[in-house]
Ligand SMILES: Cc1cc2nc3c(=O)[nH]c(=O)nc-3n(C[C@H](O)[C@H](O)[C@H](O)COP(=O)(O)OP(=O)(O)OC[C@H]3O[C@@H](n4cnc5c(N)ncnc54)[C@H](O)[C@@H]3O)c2cc1C
Ligand SMILES: Cc1cc2nc3c(=O)[nH]c(=O)nc-3n(C[C@H](O)[C@H](O)[C@H](O)COP(=O)(O)OP(=O)(O)OC[C@H]3O[C@@H](n4cnc5c(N)ncnc54)[C@H](O)[C@@H]3O)c2cc1C
Ligand SMILES: Cc1cc2nc3c(=O)[nH]c(=O)nc-3n(C[C@H](O)[C@H](O)[C@H](O)COP(=O)(O)O)c2cc1C
Ligand SMILES: Cc1cc2nc3c(=O)[nH]c(=O)nc-3n(C[C@H](O)[C@H](O)[C@H](O)COP(=O)(O)O)c2cc1C
Ligand code: FES
Ligand code: FES
């Protein structure tokens, strides 16, 4: 029973909501209590006003919460009716979010670099993880995969190189704590490189990096098949791996048991309560 | 089987949609085919985009159709979810209307003046009837009732005095064919007269007029209880009476038999197909 | 245009495509001629239920809208009787059939005797009928209808009485109740096909007046809200019988119709959607064709019962 | 604030107001503490179904959203077994009860023996339970659940086995099927109250893959779409029995809850609405109080079964 960090209801107002890549939006919401409490890897569950024929909320991870400004930044893809209506919310429109929900990322449990692997709209929680690592002065490299170049969410992809640097903190020219950070971008159709021959998966990009460097921890979020491949690669090298999973969610706060994640040790965990971040070793892929 | 004037589907665009009295809107839609074919007393069945949890369309009478401009003018009250969403449609928004539906008013079958009695949002089809009578050079008087003054739809109430006059036709100063037209306005709470003592029903107003003049035909539309009273008064004087009835409607074009109107001779007519305008003598009130 | 062969056989009713209409939501067809060419579009159409003699139906209000894309009706089979039905609509319906759309006439009654009398009159007066649908499932009448179709014995009794009266195909319209058992009983009595579901009984109370929002205490729920329940019942029934099924309940899109086929329906009838989206049938038919094509089959029959579980 | 006396007696479970929660949609209560003070708000809360030993439940996906304000689930009663349930939640639940909210523990099993074992463990280990709800209606498990509650004999057999094991009130959770007959059978076996309806079995097929959208072929439909059907079943059942009923199904507003009371329910449980509108319970409770006041009664019990037809 986790009663310490209680999930609750937050009214929010849309601060901005813009197309940032093909069928992909960035939304900033004003929700001070939520911004103050949510931690990287946790998520929230948004309702979209309007069509009462769809009742379930939309679970979304977040990229960054600004406790001072009281805002939370989300990135989401339009995949169905709910996200389509979300994309139509205008600045000033209000609705409600249930959160903070679930358990987020943890810092690497042993010394060493971290490797972050994002696929598609798995990007926001990976960016949140990058922020967490930068705050903790843990070095990391990043792989970002997408179906096509049009779906890559710039400038966030490039931005991640600046996390934890003085430039990001706005403090001038002092050195980054992590000067050798690497970023690998892959696309399923090679369009990021402008050539079908360059088609690579995020797991390919990850394998490349692992060839050159040792890692203590992998963080991944993206389509299930991708995360499965990432987890397998990590396991083969004996590297710990955290994965942020997705499930259809009824409630998002442990009330309905709809979001089960089968565990290697038997039985089921609940994605919304025990996750969404799991140790990749513990779940049945 | 009425196959001559076929009900069909019309895409429309909102030309204007404004609050004109308390909880009452005037909406003009652009729907050329509908405007060209609909006749006074008929109705249409509008869908409002958005909330798929309410599927039924909204049946609305109309005040005026302008075949040249291709527009139809509606007046409606916000009474529930559907009309609330209708009131939120903006200029340029589109949707669909099923129509023209049902059978409209007929001209008086004997010589003489007509008396028009409208209650609440029964006003639009009564205005349409006034237009029809003016076109046919039939003299008429008008009673308009409302719950309160705030719900009276000005300027339409006053406007009806100009129907069929040169002023209305924009042709200068020639005489009206119907110079003695009378207009009586009543409110359930007397607010039109500024005094609770002046509280009167539309039927009271009608009784006054009937005291002074002979009529060949009554036309009425409004709440059922009001129309029942109007029909009874007409009957007592032996005056023919047409009433435009309301029913919950499933389809609005004779497909579902949901909108029955019990007939004096036994059996049921369908409001949407055989009406909405009925001879008051024929229906069970 | 789909290149898939779309024709199906609903127990001897040869349909050019699987699309049918649900009785009581389609008038007698001509009401839809302003929206599309009925005879050229549908595989079949099913007329409103008709009895031997005229019925008044229930008092107003007969309809309420429910939250959740559903409506509730208690029409109670208002109809003019077979003779007036044939006089008023026979010529039109013959024309529909001539244009390639099968015409199914629905037979209703309050008692075995009334079912028999209606069937006899239809058999005699309605040469335009491609087949008949016997309604033993109307929840909105006090006698007959669902009351007779609620048990295997009751259903079988109606069927035994009407089956010998026609050599044309007889479909039976079933209530959303024990569909496997009752379906088997009807098959045993010679039903050529089954259609299901009729509306699900429900109640809507005006909490201010404490009275029903309709004239009767209960009425039948239909529309998208019942679709998933209807698909399950079609599947249960299809497991139990080997005669074809017409799947009905909340169908509003090609995908909804496709679910019915996958669950085991040979044909699909559109009901409530006809009311709020009167031009939906041609759209649903073409979406269904497109889906069949996307599934890579050459004949839609390959998809009937092709649900994988 | 309503001045109406709101307390009701659900077969010996004294509730400060008629509001209960539907098993499986309310976790074990503490999940809602961030939204409102559970113990201070509800008349009663019903915990997730628990068996003698832990159950894994069904594979993912367990949930699909349907058009028409409905969802479909096939959770299949994942639970940690009575011992772990009591260890994990007993202290919290005792606190809820201390704050004036009754705590109903739900008992599940695959067989008579398992129901008995679970009830014995509960009786021994759960002093915090105000009463028990025996679930003979889960549509998402292969054995037990709805399979045992589908007939009068099956339902009666479960009841005969568990009834002697506790002197606390026993409510039985019924499936949406033959509620009058089965309700009578349960009353005869000593049930103190009945709760209905559980979810209605449905199917949702992904027409591209031809497979179920959930891991199982069928799953249970719930939410606003089932409300009118549930009200009708509560009414049918209330006509048939004299023990109190907890009305469940698509309740999302005070008016929905009021309909249940008018139809004959003594208490009302909120299910699916808890998931998408987690703060709904206090709102529904206060809307219900306001309605009672507007109806001019001094005691909410005057409104139970007050539907006029
Ligand atoms: C913890 C968590 C965090 C998430 N974070 C993000 C994020 O940051 N950005 C983002 O773009 N998306 C995220 N998602 C996925 C997002 O919730 C779904 O895309 C969204 O709910 C789809 O809603 P819809 O109404 O538009 O689509 P629907 O019409 O409901 O469904 C469209 C498709 O999306 C799938 N889907 C629907 N709901 C979910 C769900 N809850 N989880 C997984 N798949 C679903 C359906 O199976 C279907 O294939 C997250 C999901 C979870 C569980
Ligand atoms: C032929 C006809 C012509 C009409 N013309 C006009 C008009 O010109 N202007 C106008 O303001 N209204 C008119 N109405 C009434 C209008 O259709 C309803 O007010 C509207 O459908 C309510 O929809 P809603 O979703 O806002 O309300 P809901 O939430 O559906 O219902 C609110 C209340 O309105 C009642 N209601 C709902 N639908 C109807 C209906 N079809 N007929 C009667 N009562 C209904 C309900 O019983 C309920 O009490 C007409 C109705 C008919 C049948
Ligand atoms: C207004 C209305 C009238 C109906 N009348 C009949 C009828 O006469 N005979 C019949 O068998 N079913 C009748 N039904 C049931 C439909 O044929 C259909 O079985 C049911 O509505 C479920 O399908 P749907 O959800 O697509 O509407 C009627 C349904 C509605 C909504
Ligand atoms: C996700 C989910 C899980 C459920 N689990 C249970 C359960 O464990 N035991 C039970 O008796 N009913 C269970 N139910 C059924 C509900 O208690 C309730 O009877 C049903 O959902 C109808 O009410 P509603 O429409 O308000 O949700 C569950 C329902 C849902 C949606
Ligand atoms: S979504 Fe309800 S328990 Fe996880
Ligand atoms: S509303 Fe359908 S027949 Fe009149």
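A few comments on the model shown:
- Semi-axes of the equivalent ellipsoid for the range C:37-101, Cα gyration tensor, largest first, Å: 27, 20, 7
- DSSP beta bridges in the protein assembly as shown [antiparallel fraction, %, rounded to 5]: 50 percent
- Solvent-free Debye calculation, one equal scatterer per alpha-carbon of the range D:1-48: log10 I(q)/I(0) at 0.15 Å⁻¹ equals -0.42.
- Over the range D:197-250, the pair-distance histogram of Cα-Cα distances with 5 Å bins from zero comes to 4, 19, 20, 16, 14, 11, 7, 5, 3, 1 percent, rounded to whole numbers.
- Footprinting exposure proxy for D:30, B:106 (fewest neighbouring C-beta atoms within 10 Å first): B:106, D:30
- Volume per residue of the C-alpha convex hull in the range B:60-120, rounded to whole Å³: 139 Å³
- Alpha-carbon centroids, the range B:259-282 and the range A:195-233: separation in whole Å: 72 Å
- Beta bridges by DSSP in the range C:16-160, antiparallel share as percent, to the nearest 5: 35 percent
- Here's the picture: a label point sits 7 Å out from the Cα of residue D:167 along the beta-carbon direction, and within the range D:1-35 the residues with their amide nitrogen under 18 Å of it are D:11-14.
- Per-residue mean of foreign Cβ neighbours for B:259-271 is 3 (Cβ atoms of other chains, 10 Å radius).
- Fraction of beta bridges assigned by DSSP in chain A that are antiparallel (%, nearest 5): 60 percent
- Per-residue average of Cβ from other chains inside 10 Å of A:244-253: 5
- Per residue convex hull volume, Cα atoms of the range B:203-258, in Å³: 88 Å³
- Counting from the shortest, the label point at residue C:294, 7 Å from Cα toward Cβ, is 4.5 nm from the same position in each remaining copy.
- Computed [θ] at 222 nm, deg cm²/dmol, chain A (DSSP H ≥ 4; -39,500 (n - 2.57); rounded to nearest 500): -5500 deg cm²/dmol
- Note on the range A:1-137: Kirkwood hydrodynamic radius from all Cα pairs is 15.5 Å, rounded to one decimal.
- Shape box of the range C:269-309 [Cα atoms, principal axes, largest first, Å]: 32, 21, 13
- Burial ordering of C:253, D:25, fewest other beta-carbon atoms within 10 Å first: C:253, D:25
- Shape annotation for the range B:18-84: C-alpha extents along the principal axes are 35, 26, 19 Å, from largest to smallest.
- Measuring r between the beta carbons of residue A:154 and residue B:23 and using R0 = 35 Å, the FRET efficiency lands at 0.10.
- Separation of alpha-carbon centers, the range B:52-91 and the range A:54-76, rounded to whole Å: 37 Å
- Closest approach to the axis carrying A onto B, counted by Cβ on chain A and given in whole Å with its residue, is A:53, 2.
- Inter-copy label distances for residue B:208: 8.9 nm (label point placed 7 Å from Cα along Cα→Cβ; shortest first).
- Were the residues from residue B:69 through residue B:36 laid out at 0.36 nm apart, the gain over their Cα-Cα distance would be 10.9 nm.
- Computed log10 I(q)/I(0) for chain A at 0.12 Å⁻¹: -0.74, from the Debye equation with unit scatterers placed on every C-alpha and solvent omitted.
- Quarter of Cα convex hull surface for the range C:56-152, i.e. mean projection, nm²: 8.0 nm²
- Adding -39500 (n - 2.57) for every DSSP H run of four residues or longer, then dividing by how many residues chain C holds, sets the calculated 222 nm ellipticity at -10000 deg cm²/dmol.
- Annotation: Cα Rg of the range B:179-228 relative to the compact-globule expectation 2.2 N^0.38 Å equals 1.23.
- Scaling the Cα radius of gyration of the range C:214-309 by the globular reference 2.2 N^0.38 Å produces a ratio of 1.13.
- Applying 1/(1 + (r/R0)^6) with r as the Cβ-Cβ distance of residue A:235 and residue A:183 and R0 = 22 angstrom yields a FRET efficiency of 0.40.
- Where only C-alpha atoms are counted, convex hull volume of chain D per residue in Å³: 118 Å³
- Modelled spin-label separation between residue B:193 and residue D:297, with each label point placed 7 Å from Cα along the Cα-to-Cβ direction: 4.3 nm.
- Measuring nothing but alpha carbons in the range C:1-83 and taking Rh as the Kirkwood radius, the Rg to Rh ratio lands at 1.06.
- Computed over the alpha-carbon atoms, the protein assembly as shown gives an Rg to Rh ratio of 1.00, Rh here being the Kirkwood radius from the mean inverse distance.
- As a size descriptor, the averaged projected area of the C-alpha convex hull of the range C:119-210 was calculated at 7.2 nm².
- Shown for residue C:112: label points 7 Å from Cα along the beta-carbon vector, and their distances to the equivalent points in the other copies, 3.9 nm in ascending order.
- Inter-part distance where the range B:126-164 and the range C:81-123 are each reduced to a Cα centre, Å: 47 Å
Here, each number is a calculation from the coordinates, and none is a lab measurement. Quick caveat, the model's predicted, so the values are computed rather than measured. Positions of Cβ are generated from backbone atoms using ideal geometry, with glycine treated the same way; all protein chains shown enter the neighbour counts.
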